[in-house]
Structures are given as C-alpha cells and as structure tokens.
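See structure below.
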Amino acid sequence: MMKIQIGDRILQRESAQHQLGETRMSMIRFTTAATAAIATALVLAGCSITTGSIYNMEGMDHSGDSAPSSSSGEANTGAHNDADIAFAMGMVPHHQQAVEMADMILGKNGIDQQVISLAERIKAAQGPEITLMKGWLDTWGSQHESMGDMPGMDMGTGMMSEQDMARLDSATGVEASRLFLTQMIEHHNGAIEMANVQAVGGTNPDAKDLAKNIIKSQTAEIKEMQMILASL
C-alpha cells in the first residue's frame, strides 16, 4: 500500500514539472499535491513510520533534514514537500492579483479613506511575500517565471475572473469602494483556504509559518472589510 502511494507521489511530481507553463494547471496542482501530501502524512502516521523514515522517502523530502527557519533575506533550505511547493506556486499569483486589485483602487478618485488605508496595507504586506515565496521556489529548484495573473477558477481559491477585474477597473466612487471590499473578502477567503491546506500538509517551517500568518492577518482584514462595507 505504501509503495503504491509513493509511486503516486512520484508521478504527481513528474506531471507537475511538465505543466509549470500552464497557469491554470498550477492551481489544480495546488489542490492535488496538497491533498495528496495530507493523505500520505495520515497514512504514514497510522503505520507508525518515524519522522526520519518519512524524510528518507523519495518524493516527500526535497532537501534533507530540517534547518532552522530562515529570515526573508536568507535562502529557505529547510526540508520541504510537494505541498510546500504547491502552496508557494499557488499563492504567488494569488497575491499578485490582490496587489493588482489594490493598485486599481488606489488609482481612483473618490475612494473611502478606510478603503485606501486597507489597500495600502494589503499591497505593503503581500508584495514582499511574493518576493519571499519566489525566492523559496528558486532555492527549491521550482520554476515560477511562467506564473502570472490567473483567470478566476471555480476551486474555492477566491481568484477574480477577467470580468471581475474589468468591473473593478471601471467602477468609480462608492461603487468602486464597495466592489473592492466585496471582491477582496472573497479573495481573502480563498487565500485562507489555501493556507489552511498548507498548515496541515506542508513540512517546511517557513512556509507553514507564512500560512499561519496569512490565516491570522487575512481573517482580521475580512472582519475589518465587513465593518467598512456596512458603513458605506
């Protein structure tokens, strides 16, 4: 049973390498790889496999023994699995779209000051996180050059479609403020869903810490946005 699962993990990894240029498929890989990582971890735990044995399995360990968490200025060379890679590959374009949405609202006139402040904070937080995750992918030998803005997907990730982005781009005044908040709440909910998967299925300490931070900070921002929305 374990040999079959390990074989499945290797096949998923090889498939992912051939599909990196396909933006839509990167989000599908996020869900598939992360779910598989969780299932594998649960089975291994049930079979009483030690942590050392898990790290020695091909397809699970990509960089040897765990290293202390790195700062944003250092390479993340800690142990990582497919779920960690899928998390970074999925969250980079997700963050990029959030920054694009923030830029849109910041470029408009007549926007509520609370919304402006929120958009500035979102951009200031997620911009550096994009750079951080791209650095991880470089260190882990995973390409990210082909990952750009992604069309909306019916996968619970909260990504906006091209039509959604066009609506925000053309909206003005209070309508733009309300639309931005409504869309960003959905966007944040998607990021939290992705981060929850990573918190359970990932192994890299830095990636897991980032996921937990996303859950905490974006949950708080959702509450803030709901309050602002009710006041407009």
Take Thr172 and Leu106, extend 7 Å from each Cα along the Cα→Cβ direction, and tell me the distance between the two endpoints in nm. 2.3
Quick one: Karplus J couplings for the range 210-223, per residue in order, coefficients 6.51, -1.76, 1.60, θ = phi - 60°, nearest Hz, x for Gly and Pro? 5, 4, 5, 5, 4, 4, 5, 5, 7, 5, 5, 5, 4, 4
The answer for the net charge of residues other than Leu232 whose Cβ lies under 11 angstrom from its Cβ, with Lys and Arg +1 and Asp and Glu -1, is -1
Long-range amide H contacts for Met159: which residues qualify at under 5 Å (H placed 1.01 Å from N, peptide plane, sequence gap of 5 or more or a different chain)? Met153
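None of the figures in this text is laboratory data; all of them are computed from the coordinates on show. Predicted model, so just to flag it, every value in this text is computed and none were measured. Please note: Cβ atoms are built from the backbone with ideal geometry, for glycine as well, and neighbour counts cover all protein chains shown.
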